[in-house]
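K.L.:
Structure in structure tokens, see below.
The values are calculated or read from the model by the stated rules, or taken from the named source; none is laboratory data. This structure is a prediction, so every number in the text was calculated from the model and none was measured. Methodologically, a virtual Cβ is constructed for each residue, glycine included, from the backbone with ideal geometry; neighbour enumeration extends over all protein chains shown. Heads up: the accessible areas ignore ligands, DNA and RNA and are worked out on the full protein's heavy atoms, side chains in. Shrake-Rupley method; radii C 1.70, N 1.55, O 1.52, S 1.80 Å.
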Amino acid sequence: MTESTASPSAATGSTATSSANSSASSSAESRAASAPLLTAGRIAFLAFLALALVAPLFLYPVFLVKVLCFALFACAFNLLVGYVGLLSFGHAMFFGGASYFCGHMLKVWGWPPELAIPAAALAAGAMGLVVGALAIRRQGIYFAMVTLALAQMFYFFALQAPFTGGEDGIQAIPRTPILGVIETANDTTLYYVVLAIFTAGFLLIYRTIHSPFGQVLKAIRENEPRAISLGYAVDRYKLLAFTLSATLAGLAGATKALAFQLASLTDVAWQMSGEVVLMTLVGGMGTVFGPVVGAAVIVTMQNYLAGFGEWVLVTQGVIFVVVVLLFRRGIVGEAMAFAERRRRRREDADAAAAGEPEPAATH
Amino acid sequence: MLELIGVSPQMLFGQLMLGLINGAFYAVLSLGLAVIFGLLNVINFTHGAQYMMGAFVAYILLVVFGVPYWGALVLAPVIVGAVGIVIERTMLRRLYHLDHLYGLLLTFGLALIIEGLFRARYGVSGQPYPNPLPGGTNLGFMFLPTYRGWVVVASLVVCFGTWLVIERTKLGSYLRAATERPDLVQAFGINVPLMITLTYGFGVALAGFAGVLAAPIYQVSPLMGANLIIVVFAVVVIGGMGSILGAIVTGYALGIVEGLTKVFYPEASNTVIFVVMAIVLLLKPAGLFGTAK
């Protein structure tokens, strides 16, 4: 009956190192390796940005906008599951909630997007503060169930509340210009606006993960009792991370409401919470780029399978099962593990060629 | 007297009865979840889908094979339980050494697959299942349909039967011991992996049984399990999974609370269980019957 405190990525992380550590390697070596790895991350981000800037030349901008919205949503979710080890099964309430708020502000109150989107994100953050304060009172599996139940409660609220439009949702949300000059009605312009929002959110998450605050979060993920005994107010860190994650999920949802001119029950339903889990899992929990890759894969798949109705559900289920059983590190996680194995093998070969008096005898 | 608060006795008792029926399903389902969680440390997200499967197996048995309700009441749980055993043997078993969250994710994926397959085959509209016990009794203050009375009785018998087996028999003592220290129990020569498989099969069969019970009351639909399981999760959080009796009592009690809410404040009837969950989390985070760990 013990509740788990270890995180999924901690579990995979340990299997990763045990399988990759074929030869003996000191911790000093791996610490030295983390410096170039960081720049590799930066290079990857710049490459991604360059690709994203020219992407509308090759791909339909509306599709790219959808990918970016879900990528930001998944990154926000990953901040919690990948770096604090808290699996929220209710993130749709922040995503969908913010899209309702933003839709209402844009359409009924007539607010401009530069005001409505941040306001809706902050409102989602406030929801996150309340929900998080309740949910962090339980750990592990119970945390997932509590967030799921509270999200379902919000779903029924959205179904009945007057401002959400019930089954119809909020339709025909106007794409008004930002600051009165940037025409979001143009799909390509909209894409660059969404790309800017995504980049801002992504960099904020990146900064958070690599800050001292992020280090404490990782410590909680790895060993919560130890973090407590070191004097950290663990609950406060968890709550802050939860609120930040909810705010950024809200930012994604608000952006989606503007881009697709629709806020509906689909966005707050439990299936949406499941989808963001799937995206993060497929891309790689606890990796910086994993959720982006996962979101791209899943949104593409949904686009191709859109005509097959219920088979989208079955396919998503199969992907869940296959990834959990076979590729728990996800696409990016597996790629990083592969690169790490290759690097290690090359280093071993270099060492053998350089300093060994009797060649090829040891390995 | 009841007229004083503006509620007719027929309505009050009618809703109480409905609440008791819902409570019966909450109790049987959360009992299954608790039994599985106790030994496997896995939250079985597939539980709702397996409940739906139970109802569909009964429906298919009736329509295709002409097996009546009473036959299905025995056969359907066995079939659903057998599918569960296959799932445990081929997939769940590989995840026990990992974080518990992976079990949750795997069973969530399985739930999507099962629900999607049934939706692809039967659509989202419900299939009617004939009532095997038509008619009812007028109790004076309310009309009691016979089948609904049977559901409450059957669920009570199953719940307390399970409780007796776990708390009062030798097999149950092995089970409880394996929940605490599986390694030691195995060292005493008891086949714990087999016990785990059978426990999962049994817990899943309970869900299938609830599905058959539900078939004549609700329409048999692929959607029937998905929303119910979330409410059952809330029930489990409220009760805490440490106690079998706690799961049963919480299930019935919350069904009744829900029924009463339908009488006095119908708008909140969908959400009242979640509100209760939030209050319990504030006051007693480990759950009503749980132990803080």
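K.L.:
May I ask you to list the residues in the stretch A:271-312 that are more than 28 Å from A:LEU51 (Cα to Cα) and out of contact with any Gly (no Cβ under 8 Å at 6 or more places or on another chain)?
P.N.:
A:GLN271, A:GLY274, A:GLY307, A:PHE308, A:GLY309
K.L.:
I would also like to ask the following. Tell me, yes or no, whether the stretch A:300-311 has at least one residue that is under 18 Å from A:PHE73 (Cα atoms), within 14 Å of chain B (Cβ to nearest Cβ) and hydroxyl-bearing (Ser, Thr, Tyr).
P.N.:
No, because not a single residue in the stretch A:300-311 is under 18 Å from A:PHE73 (Cα atoms), within 14 Å of chain B (Cβ to nearest Cβ) and hydroxyl-bearing (Ser, Thr, Tyr).
K.L.:
For residues in the stretch A:275-315 being hydroxyl-bearing (Ser, Thr, Tyr) and closer than 23 Å to A:HIS210 by Cβ, which is surrounded by the most Cβ atoms within 10 Å (Cβ to Cβ)?
P.N.:
By that ranking, first place goes to A:THR280.
K.L.:
What's the number of the condition B:GLY48 fails, among (1) touching a residue at least 24 places away in the same chain (Cβ under 8 Å); (2) farther than 26 Å from A:TRP270 by Cβ?
P.N.:
(2)
K.L.:
Given A:SER4, A:SER18, which one is at pLDDT below 85, within 14 Å of another protein chain (Cβ to nearest Cβ) and either farther than 30 Å from B:ILE244 by Cβ or in a helix (DSSP H, G or I) (or both)?
P.N.:
A:SER18
K.L.:
Inspect all residues belonging to the stretch B:248-256 and state whether any of them is more than 24 Å from B:ALA82 (Cβ to Cβ), within 13 Å of chain A (Cβ to nearest Cβ) and of a type outside the set (Gly, Ala, Ser).
P.N.:
Checked the stretch B:248-256: at least one residue is more than 24 Å from B:ALA82 (Cβ to Cβ), within 13 Å of chain A (Cβ to nearest Cβ) and of a type outside the set (Gly, Ala, Ser).
K.L.:
Something else about it: Any idea which of B:GLY103, B:GLY81 is at pLDDT below 95 and over 17 Å from B:MET224 (Cβ atoms)?
P.N.:
On inspection, the qualifying residue turns out to be B:GLY103.
K.L.:
For the stretch B:100-201, please list each of the helices (runs of 4 or more DSSP H) lying entirely inside it that holds at least 2 residues being open to solvent by 70 Å² or more (accessible area, probe 1.4 Å) and closer than 30 Å to A:GLY317 by Cβ.
P.N.:
Answer list for the stretch B:100-201: B:100-122.
K.L.:
Just to be sure, is A:ALA257 touching a residue at least 60 places away in the same chain (Cβ under 8 Å), part of a helix (DSSP H, G or I), touching a strand residue (DSSP E or B) at 6+ places or on another chain (Cβ under 6 Å) and surrounded by 21 or more Cβ atoms within 10 Å (Cβ to Cβ)?
P.N.:
Spelling it out, A:ALA257 is indeed touching a residue at least 60 places away in the same chain (Cβ under 8 Å), part of a helix (DSSP H, G or I), touching a strand residue (DSSP E or B) at 6+ places or on another chain (Cβ under 6 Å) and surrounded by 21 or more Cβ atoms within 10 Å (Cβ to Cβ).
K.L.:
Out of the helices (runs of 4 or more DSSP H) lying entirely within the stretch A:73-192, which hold 3 or more residues that are surrounded by 17 or more Cβ atoms within 10 Å (Cβ to Cβ) and either at pLDDT below 90 or aromatic (Phe, Trp, Tyr) (or both)?
P.N.:
Here the list reads A:92-107, A:140-160.
K.L.:
Still on this structure, please answer the following. Scan the stretch A:337-360 and give yes if some residue there is within 13 Å of chain B (Cβ to nearest Cβ) and either closer than 28 Å to A:THR147 by Cβ or surrounded by fewer than 17 Cβ atoms within 10 Å (Cβ to Cβ) (or both), otherwise no.
P.N.:
No: the stretch A:337-360 contains no residue that is within 13 Å of chain B (Cβ to nearest Cβ) and either closer than 28 Å to A:THR147 by Cβ or surrounded by fewer than 17 Cβ atoms within 10 Å (Cβ to Cβ) (or both).
K.L.:
To continue, here is another question. Are there any pairs, at least 6 apart or on different chains, whose C-beta atoms fall under 7 Å, with the first in the stretch A:221-240 and at negative phi and the second part of a loop (DSSP other than H, G, I, E, B) and open to solvent by 60 Å² or more (accessible area, probe 1.4 Å), and if so, which?
P.N.:
Listed pairs, sorted by first residue: A:GLU224/A:THR5.
Residue-wise test of (1) farther than 30 Å from B:VAL42 by Cα; (2) not aliphatic (A, V, I, L, M).
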residue: B:THR107; (1), (2): no, yes
residue: B:LEU117; (1), (2): no, no
residue: B:SER125; (1), (2): yes, yes
residue: B:TYR129; (1), (2): yes, yes
residue: B:GLY140; (1), (2): yes, yes
residue: B:PHE143; (1), (2): yes, yes
residue: B:ARG148; (1), (2): yes, yes
residue: B:PHE160; (1), (2): no, yes
residue: B:ARG168; (1), (2): no, yes
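K.L.:
Would you mind telling me which numbered condition in (1) on the phi > 0 side of the Ramachandran plot; (2) within 14 Å of chain A (Cβ to nearest Cβ) B:GLY135 fails?
P.N.:
Going through (1) on the phi > 0 side of the Ramachandran plot; (2) within 14 Å of chain A (Cβ to nearest Cβ) one by one, B:GLY135 breaks only (2).
K.L.:
What about B:LEU61, is it of a type in the set (A, V, I, L, M, F, W, C), more than 8 Å from chain A (Cβ to nearest Cβ) and either open to solvent by less than 50 Å² (accessible area, probe 1.4 Å) or assigned to a helix (DSSP H, G or I) (or both)?
P.N.:
yes
K.L.:
Quick one: which residue in A:LEU148, A:LEU195, A:LEU190, A:LEU134 is more than 27 Å from A:ALA55 (Cα to Cα) and touching a residue at least 40 places away in the same chain (Cβ under 8 Å)?
P.N.:
None of the other options fit; the residue is A:LEU148.
K.L.:
Something else about it: Failed condition for B:ASP99, given (1) over 20 Å from the mean Cα position of the chain (by Cα); (2) away from every other protein chain (no Cβ under 14 Å), with all others met?
P.N.:
(2)
K.L.:
Continuing with this model, one more query. Kindly evaluate A:VAL318 against the criterion of being modelled with pLDDT of 90 or more, surrounded by fewer than 23 Cβ atoms within 10 Å (Cβ to Cβ) and at negative phi.
P.N.:
Yes: the conditions hold for A:VAL318.
K.L.:
Residue check, B:GLY71 against (1) outside any helix (DSSP H, G or I); (2) surrounded by fewer than 20 Cβ atoms within 10 Å (Cβ to Cβ), all met but one. Which one?
P.N.:
Unmet condition: (1).
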